[in-house]
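Structure incoming, see below.
The values are calculated or read from the model by the stated rules, or taken from the named source; none is laboratory data. This one's a predicted model, so the numbers in the text were calculated from it and none came from an experiment. Neighbour counts run over all protein chains shown; Cβ positions are idealised from the backbone, glycine included. Areas reflect the complete protein model, heavy atoms only, side chains present, ligands, DNA and RNA absent. Shrake-Rupley method; radii C 1.70, N 1.55, O 1.52, S 1.80 Å.
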Amino acid sequence: KTSDGSEAWRAEYNLLELCFATPVLVKGEGGVTEAVIAMPGEAWGLNPTNGKLRWFFETGTGGNVSPSVVVGDDAFYTFGGYPQQQTIAIRRGGRKDITESHSLWEASESSYVATPLLHQGHLYWVSDRGFAFSMNASTGETVTKSRLSNLRSGGRPVYASPILVGEELIVVTRKSGTLVFEASPEMKLIRQNPPLDESQFNATPAVTGGSIYLRSDKALYCIR
């Protein structure tokens with residue numbers, strides 16, 4: 001969209017209705033800004049000014065793709081899929097079809113909803129099934145896969161993405177409060193803060209100016 005709300009360009013794809021991810025703006029080859037997004041079957045790098053496709057990578061990931069692409073210094077990481085999930089590492093750079101030339105590794109463990117967090121060479125997330133994961137970002141090896149026993153049963157317990165505050169990982173669950181982990185591959189659970197109300201917390205929290213903001217289906221909370 002332009003500043004007045006009119007359409008500037010359109011990039012069509014027949015499976016976009018299964019893509020729930022947010023594009024990420026990064027510097028691509030030649031210093032050109034790219035909008036990078038993953039969707040069923042492919043990942044794209046678009047010119048955000050005109051919508052032209054600069055590169056694509058065939059992932060083979062089927063079904064829903066909810067997590068956004070995670071950007072590292074040398075690689076992009078894609079997640080998601082249904083009914084099977086997969087994580088794919090794609091070397092940054094390149095033009096046109098980079099499927100063969102830029103493939104780094106693939107892993108069967110992945111996140112279905114949350115966008116994982118990249119921190120000091122590892123990817124972190126808590127799955128919608130209630131498992132805490134850490135993965136080596138260089139190899140795709142799962143370092144930690146630990147079921148969390150202190151979550152309410154029934155449904156999917158976590159939708160929110162992890163955030164990093166200092167040396168702690170914060171993950172908001174839907175009905176079981178906020179989990180705080182050490183920001184290390186072992187993902188040691190430090191504490192669990194109780195839920196603020198009896199509705200559902202689906203949103204990823206925001207942090208600014210010494211405050212954390214959490215949104216439930218009922219209210220917006222600010223905690224200092």
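Using 0.36 nm per residue of separation minus the Cα-Cα distance, give me the extension gain between VAL143 and ILE223 in nm, one decimal.
25.6 nm
When we measure straight from the Cα of LYS145, which lysines land under 22 angstrom away, once same-chain ones fewer than 8 places off are left out?
LYS175, LYS188
Under the Karplus relation 6.51 cos²θ - 1.76 cosθ + 1.60, θ = phi - 60°, what is the ordered set of whole-Hz ³J(HN,Hα) values for region 130-137, x standing for Gly and Pro?
Each residue of region 130-137 in turn: x, 10, 8, 10, 9, 9, 5, 6 Hz.
A further question on this structure: Please report the orientation-averaged projected area of region 16-79, defined via the convex hull of its C-alpha atoms, in nm².
Convex hull of Cα atoms, orientation-averaged projection: 4.1 nm².
Let me ask something else. Under 17 Å Cα-Cα from LYS96, which lysines qualify once same-chain neighbours fewer than 8 residues away are excluded?
Candidates past the 8-residue exclusion: LYS27, LYS52.
Treating the Cα atoms of region 103-224 as identical point scatterers in vacuum, please give the log10 of the normalised Debye intensity I(q)/I(0) at q = 0.10, 0.15, 0.21 Å⁻¹, two decimals.
Reported log10 I(q)/I(0), two decimals: -0.29, -0.64, -1.20.
Let me know the charge dipole size of the chain about its Cα centre in debye, to the nearest 20, where only the beta-carbon of Lys, Arg (+1) and Asp, Glu (-1) is charged. It would help to have the intermediate numbers written out before the result.
On the way: 21 positive and 23 negative charges, 105 e Å.
Charge dipole, the chain, about its Cα centre: 500 debye, nearest 20.
Given springs between every Cα pair under 10 Å in a Gaussian network model of the chain, which of GLU12, GLU42, GLU29 has the largest fluctuation?
GLU12
Given a 1.4 angstrom probe, I'd like the percentage of the accessible area of region 89-205 that is carbon and sulfur, rounded to a whole number.
The computed percentage sits at 45.
What value does region 6-45 have for Rg/Rh, both radii from Cα atoms and Rh as Kirkwood defines it?
Rg/Rh for region 6-45 comes to 1.00.
If Rh is defined by the Kirkwood formula over all Cα pairs and Rg also comes from Cα, what ratio Rg/Rh do you get for region 8-131?
Across region 8-131, the Cα-based Rg/Rh ratio is 0.94.
If I build a Gaussian network model for the chain, linking alpha-carbon pairs within less than 10 angstrom, which residue out of THR115, THR173, THR144 has the largest mean-square fluctuation?
THR144
For the chain, go through all pairs of different Cα atoms, get the mean of 1/r, take its inverse, and jot down that Kirkwood value in Å. Provide the component values of the computation, followed by the final result.
Working: mean 1/r = 0.0544 Å⁻¹.
Value: 18.4 Å, from the Cα pair sum.
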